[in-house]
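Report on the following structure.
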Amino acid sequence: AIPLVVSIATERAARGGVLITDRLALETMRTVGAVLFDKTGTLTKGEPAVTDAASAPGFDLDGVIAIAAAVERDSEHPLARAIVAHAEAKALEIPAVTDFAAAPGLGVTAIVAGVPVHVGGPSLLAGRGADPLPQSVAWADAGATVLHVIVGHEVAGAIALADEVRPESKQAVEALHAIGVQVVMITGDAEPVARTVAAQLGIDRVFAGVRPEDKAAKVQELQAEGLSVAMVGDGVNDAPALAQADVGIAIGAGTDVAIASAGVILASSDPRSVLSVIELSRASYRKMK
Ligand code: ADP
Ligand code: MG
């Protein structure tokens, strides 16, 4: 039987937009020592927009944006949607592609007019032995995500995208620190972007450049320090990490896969709700003894 105090607590949480799908998750929350937040879509709005673009010598800027949009049109990633929206806003003609493929955490590839085109972050660039455009260093230092466009074997251009931090995120971090809970950020994004966002939020520990398949291992790394870990994420990429964590918390606007791997769902997408769940857990199980 479910203890009455727990079912009352669960019901009250649901009214506040916090769905507890696994009762053990609620019980475990009171012992959580670290909360690991995915950056994109969780601490930030997950709605990036193009802020800058540049082409390499010999390449036309609008042409580079159009080709990037062509490859990204088949991707569901928020970065992809931002590039397509940017090309459409500029009324560029977006060419057709074939052989689209996505490499999670790296980027996307397709054939455009017989030539292979790649669009992706620093790991994709490094993997192809290509050098970033000089402009991209300043963009990344300012906190933008930088993607390069590689046409054939040449770097044709780069695109900078920025994503706004959720206004509630800083308060969530402060409140967790105040009750002695460590806050850690994890992201597939590059180190400079991650550092900038972490500094804005007062987060002192960051795992950056983490490939989707390695996120669960980072959860284990924290657990190996003796910490009970709650992981908060929104994407398909986050599902294994949510499952590995002592408590998996899905942000409600996230994907079905993430939601299926979570014991707690934050329908409100408000990171401050994590604190409410810890408080609820502490209150419910104190009363029970
Ligand atoms: P996060 O952990 O921030 O949610 P992801 O794992 O989704 O990030 O993506 C990590 C990185 O992989 C991005 O910052 C980008 O460099 C690259 N990437 C992923 N998907 C795409 C895409 N569709 N186009 C270009 N780059 C991509
Ligand atoms: Mg994400």
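Being in contact with a helix residue (DSSP H, G or I) (Cβ under 8 Å, 6 or more places away or on another chain), part of a helix (DSSP H, G or I) and within 16 Å of ligand 2 (Cβ to nearest atom), is that true of even one residue in the stretch 12-34?
Narrowing the stretch 12-34 to residues in contact with a helix residue (DSSP H, G or I) (Cβ under 8 Å, 6 or more places away or on another chain): 12-13, 16-20, 23, 26-30, 32, 34.
Imposing the further condition that a residue be part of a helix (DSSP H, G or I) reduces the set to 12-13, 23, 26-29.
Imposing the further condition that a residue be within 16 Å of ligand 2 (Cβ to nearest atom) reduces the set to none.
The answer is no, given that none of the residues of the stretch 12-34 is in contact with a helix residue (DSSP H, G or I) (Cβ under 8 Å, 6 or more places away or on another chain), part of a helix (DSSP H, G or I) and within 16 Å of ligand 2 (Cβ to nearest atom).
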Every residue from the stretch 43-69 that is within 16 Å of ligand 2 (Cβ to nearest atom), in contact with a Leu (Cβ under 9 Å, 6 or more places away or on another chain) and among the hydroxyl-bearing types (Ser, Thr, Tyr):
none
If you go through Ala53, Ala80, the only one that is under 22 Å from Arg128 (Cβ atoms) and either of a type in the set (Asp, Glu) or in a strand (DSSP E or B) (or both) is Ala53
Only one of these conditions is not met by Phe100: (1) loosely packed, with under 15 Cβ neighbours inside 10 Å; (2) more than 20 Å from Lys39 (Cβ to Cβ). Which number is it?
(1)
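Quick check, is Val50 among the β-branched types (Val, Ile, Thr), crowded, with 21+ Cβ neighbours inside 10 Å and touching a Ser or Thr at 6+ places or on another chain (Cβ under 8 Å)? Break it down into steps so the answer makes sense when it comes.
Working: among the β-branched types (Val, Ile, Thr): yes; crowded, with 21+ Cβ neighbours inside 10 Å: yes; touching a Ser or Thr at 6+ places or on another chain (Cβ under 8 Å): no.
No.
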Looking at the stretch 274-288, is at least one residue within 15 Å of ligand 1 (Cβ to nearest atom) and either of a type in the set (Val, Ile, Thr) or under 30 Å from Leu4 (Cβ atoms) (or both)?
no
Any residue in the stretch 249-264 that is modelled with pLDDT of 90 or more, surrounded by fewer than 18 Cβ atoms within 10 Å (Cβ to Cβ) and more than 15 Å from ligand 1 (Cβ to nearest atom)?
no
State yes or no: is Val173 touching a helix residue (DSSP H, G or I) at 6+ places or on another chain (Cβ under 7 Å) and within 16 Å of ligand 2 (Cβ to nearest atom)?
no
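Keeping to the stretch 271-284, report how many residues are part of a loop (DSSP other than H, G, I, E, B) and out of contact with any strand residue (DSSP E or B) (no Cβ under 9 Å at 6 or more places or on another chain).
Applying the first criterion (part of a loop (DSSP other than H, G, I, E, B)) to the stretch 271-284 yields 271-272.
Those still in the list that are out of contact with any strand residue (DSSP E or B) (no Cβ under 9 Å at 6 or more places or on another chain) too: 272.
So the answer is 1.
Would you mind finding the one in His153, His86, His77 that is surrounded by 14 or more Cβ atoms within 10 Å (Cβ to Cβ) and away from ligand 2 (no atom under 16 Å from the Cβ)? Break it down stepwise before answering.
On the way: His153 fails: surrounded by 14 or more Cβ atoms within 10 Å (Cβ to Cβ); His77 fails: away from ligand 2 (no atom under 16 Å from the Cβ).
Within the list His153, His86, His77, the selection yields His86.
The values are calculated or read from the model by the stated rules, or taken from the named source; none is laboratory data. Quick caveat, the model's predicted, so the values are computed rather than measured. Here the Cβ is made from the backbone with ideal geometry for all residues, glycine too, and neighbour counts use every protein chain on show.
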